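Asks: Quick one: the structure is below, and I'll ask about it shortly.
The values are calculated or read from the model by the stated rules, or taken from the named source; none is laboratory data. Keep in mind the model is a prediction, meaning the values are calculated, not measured. Cβ: placed from backbone, ideal geometry, glycine included. Neighbour counts: every protein chain shown. The accessibility values were calculated without ligands, DNA or RNA, using every heavy atom of the protein model including side chains. Shrake-Rupley method; radii C 1.70, N 1.55, O 1.52, S 1.80 Å.
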Amino acid sequence: LGILVVRHLKRLERVILSYLEISDGPKEEARLGILETLQCTIEHAWPRMPCRLPVLLKALLRFIWDVHTDQGSTPEPVRAALLQRATQCLILLDHCSQGQVKVLLEGVYSSCEENPVRECIRRVQEST
């Protein structure tokens, strides 16, 4: 859709958020796909992303935490791919919002003790 995705942004956001909340099995194909969709949406509709930042940031942080704490049957390479794509989405959101994500993540980084979560946040903070 390209920039025309803006017409459907509200509905698409609801779909993305609902897919991020629910694991879909060991291969996590749906969640990997929805993270790719979110990434493309951010890239094409970037002028509209700052107003959606609070909702998307909260959802992505919750998603990262859920992936980290899930001790289910998801193999480590799939978990790593999920965390990588979520981190990439956070980096794109940071670029769209002129650094607001980095500022908001400072407090999260200092209070978080889980290394995989801290690693994702560190990568966002170090991105240029």
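Asks: Checking the condition open to solvent by 30 Å² or more (accessible area, probe 1.4 Å), touching a Pro at 6+ places or on another chain (Cβ under 6 Å) and of a type outside the set (Val, Ile, Thr), which residue from Ser73, Ser18, Ser23 passes? First the steps, then the outcome.
Replies: On the way: Ser18 fails: touching a Pro at 6+ places or on another chain (Cβ under 6 Å); Ser23 fails: touching a Pro at 6+ places or on another chain (Cβ under 6 Å).
Ser73 is the lone residue from the list that is open to solvent by 30 Å² or more (accessible area, probe 1.4 Å), touching a Pro at 6+ places or on another chain (Cβ under 6 Å) and of a type outside the set (Val, Ile, Thr).
Asks: Another one. I want to confirm something. Restricting to segment 2-52 and keeping residues that are within 15 Å of Cys89 (Cα to Cα) and of a type in the set (Lys, Arg), which single residue is modelled with the lowest pLDDT?
Replies: Arg48
Residue-by-condition table, conditions (1) of a type in the set (S, T, N, Q); (2) open to solvent by 30 Å² or more (accessible area, probe 1.4 Å):
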{"site": "Thr37", "(1), (2)": "yes, yes"}
{"site": "Ala81", "(1), (2)": "no, yes"}
{"site": "Ser110", "(1), (2)": "yes, yes"}
{"site": "Cys120", "(1), (2)": "no, no"}
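Asks: What is the number of the single condition among (1) under 13 Å from the mean Cα position of the chain (by Cα); (2) over 23 Å from Val103 (Cβ atoms); (3) basic (Lys, Arg) that Lys58 does not meet?
Replies: All conditions pass for Lys58, except number (2).
Asks: Shifting gears a bit: What number goes with the only condition from (1) at pLDDT below 95; (2) surrounded by fewer than 13 Cβ atoms within 10 Å (Cβ to Cβ); (3) closer than 25 Å to Asn115 by Cβ that Lys58 does not pass?
Replies: Single failed check for Lys58: (1).
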